[in-house]
Amino acid sequence: MTTALLEIEGLTKAYPGVVANDHVTFTINEGEVHALLGENGAGKSTLVKMIYGLVKPDAGTMRLRGAAFTPPEPRAARADGIAMVFQHFSLFEALDVAENIALGMENPPKMRDLAAQISKVSEEYGLPLDPFRTVGDLSAGERQRVEIIRCLLQNPKLLIMDEPTSVLTPQEVDILFKTLEQLRSEGTSILYISHKLDEIRRLCDTATILRLGKKVDTCNPREESVRTMAEMMVGGTLHVPERVPHAQGDVALEINNLSVPSPLQFGTSLKEIKLKVHKGEVLGVGGVAGNGQDELTAALSGEVVSASGAILLHGKSVGHLPPQSRRAMGILAAPEERLGHAAAPNMSLTENALLTANVRKKMARKGFLNWAAAKDYAKDVIRDFDVRTPGPENAARSLSGGNLQKFVIGREILQKPDVLVVNQPTWGVDASAAADIRQALLDLAGEGAAIIVISQDLDELMEISDRFAALNGGRLTEPVPAKGLTVDQIGLMMGGAHDMEVAHHGAA
Amino acid sequence: MDLSAISPTLLIASLMVAATPILLAAIGELVVEKAGVLNLGVEGMMITGAICGFAIAVETGSPVLGFICAAIGAAILSMIFGVLTQFFLSNQVATGLALTLFGLGLSSLLGQSYVGIKPPSTEKIDFPLLSDIPYLGPIVFNHDLMVYLTLALVAAVWATLKYTRAGLILRAVGENHDAAHALGYKVIRVRLMAIAFGGACAGLGGAYLSLIRVPQWTEGMTAGAGWIALAIVVFASWRPLRVLLGAYLFGGVTVLQLNLQAAGMAIPVEYLSMSPYLITILVLVIMSAPRKGGKARMSLAAPACLGRAFHASS
């Protein structure tokens with residue numbers, strides 16, 4: 001099992017102002033699960049795009065089974081046996097499963113034959129899927145199965161998976177891993193990109209670690225600890241958030257039978273949500289993406305109004321109030337989508353600071369804006385949250401994801417909210433920035449604010465929550481103390497595996 | 001008023017003729033929008049097609065050649081839109097509006113010496129015996145070739161979108177251009193071809209007006225037909241067969257109001273002339289009203305990438 005499948009040597013790709021990959025060299029062997037590790041911006045995505053033929057390297061060579069390999073386009077890479085499951089699914093929501101799969105094939109058979117093939121392969125690998133369902137109606141886990149089956153139908157030699165587990169429940173992750181192990185035993189190599197180190201230790205044979213575009217190390221993940229690998233990725237020691245001890249306070253926010261229809265096309269309506277959050281408490285809300293997270297954030301922030309008594313702040317009804325009134329009373333929110341929802345991309349940081357902070361920080365008088373106050377406030381956020389930017393006059397768009405996230409969260413925290421709702425506070429943020437954001441949330445709770453953290457990162461929720469609840473199909477489970485929860489219990493709260501009860505055969 | 005003067009048979013037969021130009025433009029625009037491009041320049045392309053077809057038919061004496069050149073001329077005009085929006089990423093709405101204004105101006109320039117001329121006439125196809133069937137004969141078997149070709153085109157577009165790989169790729173590009181690009185499809189090429197097809201169809205529609213329906217050249221003779229075609233695409237929720245229905249509905253109202261005028265209906269003519277447009281607005285309002293669950297009927301069927309610029313950023 002040590003013949004090389006793909007040898008990569010000196011691969012370099014530069015974009016204006018940044019070198020995405022700098023002389024990266026490593027080898028993927030036949031039948032190996034090879035992890036590609038690194039922070040955001042380390043160059044993982046660019047590297048796999050070069051292997052898949054989406055991006056042309058500036059320098060360096062690739063050899064596939066000893067022969068020179070320079071795919072000019074994805075079609076050529078697919079013909080050579082390279083298949084890829086994308087991080088943001090490359091699916092077409094309005095088309096059905098079979099049509100989606102046909103689009104990823106060179107010479108698809110007739111629709112009816114293809115449907116039969118899909119059923120056969122999906123059964124073989126324990127990934128049940130109906131070929132005639134519209135993709136827009138599928139869960140995230142099922143959508144991923146569509147992508148995987150699209151790849152498997154082409155008998156790939158190398159399967160590239162970009163952050164495959166970020167949208168799955170723990171049970172779905174187990175089933176995915178069984179499928180991948182079955183593939184490995186059949187001799188397929190897998191290039192597995194993730195920054196979930198536990199999973200990499202469970203699954204992978206070799207790990208290549210990238211930092212700022214350079215390969216820094218290759219290791220056997222089974223012989224490393226999560227901490228040593230994380231430090232290789234970051235290139236320094238990692239700060240673990242500390243909790244400020246505090247006594248549980250009075251109820252700050254109460255939700256009674258909150259039901260609101262989703263404003264989104266393929267969204268999930270909230271159904272009879274009941275919840276009490278206390279002062280000084282961090283409540284973690286888990287769940288697979290698309291089970292009502294965005295809707296809950298919107299219902300709490302005031303973007304979607306509900307019956308007035310459905311949401312109570314310190315005993316006062318706020319359910320019918322719009323966002324600005326709720327902000328004035330102390331409920332602040334930071335939605336998931338940074339660009340376009342939490343921040344206006346083309347407006348400066350000063351303007352973005354003013355957009356949510358003008359109520360509590362009194363940046364407008366009689367309809368006239370106080371730009372000096374807004375600019376000072378933006379500077380405070382930049383300083384206190386270590387936002388890397390030349391200054392508050394820069395457009396939100398110009399910041400990297402992690403920096404903008406720090407700005408968006410910091411902007412709310414510095415307004416001293418009574419209740420703060422954050423959705424995916426560290427999504428796409430590198431490990432050290434994520435640790436800073438989590439620490440800031442814990443500090444705010446320590447000062448007596450009630451915090452609701454909605455996240456798909458279970459490790460994050462376990463790290464900072466006092467109590468944990470899960471969203472499943474728009475319903476919220478009863479919150480339970482987070483301490484001592486096992487992965488299995490969490491998985492069951494999140495709804496377990498969606499119709500995944502079909503037995504695994506083969507390598508399982 | 002004498003309603004008995006209106007013959008249902010003739011009404012339906014002339015409805016098919018009245019609907020043909022908008023049906024042609026609408027089926028072309030449907031393909032463009034299915035590829036994710038919103039081209040508001042239909043009116044401009046139609047009128048350019050109208051004058052191109054008219055001029056060539058007059059000069060050569062051949063209506064067939066006129067139609068071919070109308071399609072080519074309008075397709076070339078649509079490529080201005082294609083290049084601007086696909087390569088220079090200009091705003092599709094603004095560019096489409098500009099194309100309409102440009103087309104109107106260009107056509108009156110080209111048409112200066114053609115005002116008041118009669119074009120060579122296009123023969124109706126003679127179906128021996130069949131056209132003598134009472135009622136059915138005059139309705140179905142007494143038209144010019146373009147009416148039948150247009151119906152065939154609608155059927156072909158429907159079948160292509162539904163059953164062929166090319167149709168699937170076109171829909172995929174309109175649905176999610178980033179994903180289509182990631183799978184290795186040429187988003188810009190597909191869209192350019194769709195835009196050219198839409199232009200050619202609009203040109204044929206315009207030429208049908210100037211060569212057969214009117215038949216004469218006057219400035220601004222399309223009189224909003226291109227906009228109606230755009231509305232019909234939405235009305236049809238981007239489905240080819242419903243485009244046919246929508247175009248016939250509009251054609252029917254147009255013909256009916258003409259007949260009512262002729263029959264001496266006791267209301268001012270202006271009200272009757274505006275009725276097709278009013279009904280179009282009414283239908284669009286009903287179509288876009290949110291139904292239970294808060295989703296607009298229209299938005300359910302619209303291609304997800306409609307009107308969004310694509311830039312390969314990898």
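The values are calculated or read from the model by the stated rules, or taken from the named source; none is laboratory data. Predicted, not measured: the structure shown is a model, and the values here were computed from it. With ideal geometry, Cβ positions are generated from the backbone for all residues, glycine too; neighbour counts draw on all protein chains shown.
Summary table
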quantity	calculated
Residue check for A:Val277: β-branched (Val, Ile, Thr) and within 14 Å of chain B (Cβ to nearest Cβ)	no
Enumeration of residues in the range A:117-133 that are surrounded by 14 or more Cβ atoms within 10 Å (Cβ to Cβ) and without any contact (Cβ under 8 Å) to a residue 40 or more places away in the chain	A:Gln117, A:Ile118, A:Ser119, A:Val121, A:Ser122, A:Leu129, A:Asp130, A:Pro131, A:Arg133
Given (1) surrounded by 19 or more Cβ atoms within 10 Å (Cβ to Cβ); (2) under 30 Å from B:Thr9 (Cα atoms); (3) modelled with pLDDT under 95, index of the condition B:Pro120 fails	(1)
Cβ-Cβ under 6 Å pairs, at least 6 apart or on other chains, the range B:115-133 side of a type outside the set (Val, Ile, Thr), far side in a loop (DSSP other than H, G, I, E, B) and surrounded by 14 or more Cβ atoms within 10 Å (Cβ to Cβ)	B:Pro119/B:Pro215; B:Phe127/B:Phe141; B:Leu130/B:Phe141; B:Ser131/B:Phe141; B:Ser131/B:Asn142
Those residues of the range A:281-302 which are farther than 18 Å from A:Met493 by Cβ and either modelled with pLDDT under 90 or part of a helix (DSSP H, G or I) (or both), in sequence order	A:Asp294, A:Glu295, A:Thr297, A:Ala298, A:Ala299, A:Leu300, A:Ser301
The listed residue being at pLDDT below 95 and on the phi > 0 side of the Ramachandran plot, out of B:Leu10, B:Leu15, B:Leu89	B:Leu89
Residue that is farthest from the other protein chains (Cβ to nearest Cβ) [pool: residues in the range A:259-274 that are aliphatic (A, V, I, L, M) and under 20 Å from A:Gly495 (Cα atoms)]	A:Ile273
Odd one out for A:Leu461 among (1) within 17 Å of the chain's Cα centre (by Cα); (2) in a loop (DSSP other than H, G, I, E, B)	(2)
Residue satisfying all of: in the range A:10-39; part of a loop (DSSP other than H, G, I, E, B) and within 18 Å of A:Thr218 (Cα to Cα); modelled with the lowest pLDDT among these	A:Glu39
Single residue of the range B:141-175 satisfying the filter (out of contact with any Lys or Arg (no Cβ under 8 Å at 6 or more places or on another chain) and of a type in the set (Val, Ile, Thr)) that is farthest from the other protein chains (Cβ to nearest Cβ)	B:Val147
Criterion (under 21 Å from the mean Cα position of the chain (by Cα) and either crowded, with 20+ Cβ neighbours inside 10 Å or in the same structural domain as A:Asp466 (by TED's automatic domain parsing) (or both)) met by exactly one of A:Gly280, A:Gly249, A:Gly290, A:Gly309	A:Gly290
Unmet requirement for B:Asp178, which otherwise passes all of (1) within 14 Å of another protein chain (Cβ to nearest Cβ); (2) charged (D, E, K, R); (3) under 30 Å from B:Ser62 (Cα atoms)	(3)
Number of the condition not met by A:Ser122 [criteria: (1) at negative phi; (2) out of contact with any helix residue (DSSP H, G or I) (no Cβ under 8 Å at 6 or more places or on another chain)]	(2)
Some residue of the range A:341-360 being without any contact (Cβ under 8 Å) to a residue 12 or more places away in the chain, more than 22 Å from A:Leu444 (Cα to Cα) and of a type in the set (D, E, K, R)	no
Test: A:Arg222 is under 20 Å from A:Gly38 (Cα atoms), assigned to a helix (DSSP H, G or I) and touching an Asp or Glu at 6+ places or on another chain (Cβ under 9 Å)	yes
Test for A:Val48: is it touching a residue at least 40 places away in the same chain (Cβ under 8 Å), assigned to a helix (DSSP H, G or I) and within 12 Å of chain B (Cβ to nearest Cβ)	yes
Unmet requirement for A:Leu91, which otherwise passes all of (1) buried (at least 21 other Cβ atoms within 10 Å of the Cβ); (2) of a type in the set (A, V, I, L, M); (3) in contact with a strand residue (DSSP E or B) (Cβ under 9 Å, 6 or more places away or on another chain)	(3)
Selection status of A:Glu163, surrounded by fewer than 20 Cβ atoms within 10 Å (Cβ to Cβ) and free of Cβ contacts under 8 Å to residues at least 40 places away in the same chain	no
Count of residues meeting criterion [in contact (Cβ under 8 Å) with a residue 12 or more places away in the chain and either basic (Lys, Arg) or within 14 Å of chain A (Cβ to nearest Cβ) (or both)] in the range B:189-213	3
Hits in the range A:79-97 (condition: within 12 Å of chain B (Cβ to nearest Cβ) and over 27 Å from the mean Cα position of the chain (by Cα))	A:Ala79
Which listed residue, of B:Trp227, B:Trp217, B:Trp238, is within 14 Å of another protein chain (Cβ to nearest Cβ) and at pLDDT below 95	B:Trp238
Restricting the range A:104-163 to residues that are in a loop (DSSP other than H, G, I, E, B) and hydroxyl-bearing (Ser, Thr, Tyr), the residue that is nearest to the other protein chains (Cβ to nearest Cβ)	A:Ser139
Criterion: at pLDDT below 90 and either more than 14 Å from chain A (Cβ to nearest Cβ) or more than 30 Å from A:Phe86 (Cα to Cα) (or both) - qualifying residue of B:Leu97, B:Leu106, B:Leu84, B:Leu130	B:Leu130
Odd one out for A:Arg63, checked against (1) of a type in the set (Lys, Arg); (2) within 14 Å of chain B (Cβ to nearest Cβ); (3) assigned to a strand (DSSP E or B)	(2)
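Residue-by-condition table, conditions (1) surrounded by fewer than 20 Cβ atoms within 10 Å (Cβ to Cβ); (2) modelled with pLDDT of 90 or more; (3) in the same structural domain as A:Leu129 (by TED's automatic domain parsing); (4) touching a Leu at 6+ places or on another chain (Cβ under 9 Å):
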site: A:Val422; (1), (2), (3), (4): no, yes, no, yes
site: A:Ile451; (1), (2), (3), (4): no, yes, no, yes
site: A:Glu460; (1), (2), (3), (4): no, no, no, no
site: A:Ala470; (1), (2), (3), (4): no, yes, no, yes
site: A:Gly473; (1), (2), (3), (4): yes, no, no, no
site: A:Val480; (1), (2), (3), (4): yes, no, no, no
site: A:Gln489; (1), (2), (3), (4): yes, no, no, no
site: A:Leu492; (1), (2), (3), (4): yes, no, no, no
site: A:Glu501; (1), (2), (3), (4): yes, no, no, no
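Yes/no per residue for (1) surrounded by fewer than 22 Cβ atoms within 10 Å (Cβ to Cβ); (2) on the phi < 0 side of the Ramachandran plot:
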residue	(1), (2)
A:Gly340	yes, no
A:Asn346	yes, yes
A:Glu351	yes, yes
A:Ala373	yes, yes
A:Tyr377	no, yes
A:Pro390	yes, yes
A:Ala396	no, yes
A:Gly402	no, yes
A:Gly410	no, yes
